[in-house]
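Note sheet for the following structure.
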Amino acid sequence: MNQELKDLIVGILMLGGALMSLAAAIGLTRFPDLMSRMHAASKPQVLGLLLFLLAMAVQFESWALLPILAVCWLFMLLTAPVSAHMVGRAGYRTKHLRPELLTIDELDDVVTRSQELLQQARAGTADVVGGGDPRAGRAPAHPRRQGASTTTRSPLRRPRPPRHAPVRSRERKRKRRGAPSHRDTGPAAERPELRGE
């Protein structure tokens, strides 16, 4: 490839990447709410990094460099949308948004239902027998721990595991320590026919 043509392509790619990064920075400072800023921080930044990485690939012309550049862009492509989604969802739940700017509000029903369950649990009147709202992502609590009846469960806490170990795991621990098990002591130890021998 001609050196002048290669320099022109690299310059165009780097200029495009710089403009995308500049657009992301301007969007972060100038957009009115969290949702708009979230898009400005994630989408142009990923495209800007892709243009920079393509400029590096054209400039160095090395096949050994391509997998490293591809992995860099793949990690950015995977992490930027996920982090933007998490920030956007947290901002929605904490009301850091302007509802008049939303055209479709798909999370309204889910958040309203989870807030109702939270208020019921705080008031102690949550009557959730089948377990909380699966979209809320919380499991019902154990009723005895809160001093409630068996039909009243809180959707905010998970039940505690049992404090005693099952009999089989206790038997295994005794065998590892060399301690006699309940089969080696008592009436079964005196009568072999009870032990199945």
| task | Would you check if there is a residue in segment 83-99 being in contact (Cβ under 8 Å) with a residue 60 or more places away in the chain and buried (at least 17 other Cβ atoms within 10 Å of the Cβ)? | result | yes
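Give segment 25-80 a look and list any residue that's of a type in the set (Phe, Trp, Tyr) and surrounded by fewer than 18 Cβ atoms within 10 Å (Cβ to Cβ), or say none. Write out each step before concluding.
Residues of segment 25-80 that are of a type in the set (Phe, Trp, Tyr), as a first pass: 31, 52, 60, 63, 73, 75.
Listed by number, the residues that qualify are Phe31, Phe60, Trp63, Trp73, Phe75.
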| query | Counting just the residues of segment 98-146 that are small (Gly, Ala, Ser), over 30 Å from Phe31 (Cα atoms) and at pLDDT 80 or above, which one comes out nearest to the chain's Cα centre (by Cα)? | reply | Ala121
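The values are calculated or read from the model by the stated rules, or taken from the named source; none is laboratory data. Quantities reported herein were computed from a predicted structural model and do not represent experimental measurements. Virtual Cβ from ideal backbone geometry, glycine too; neighbours counted across all protein chains shown.
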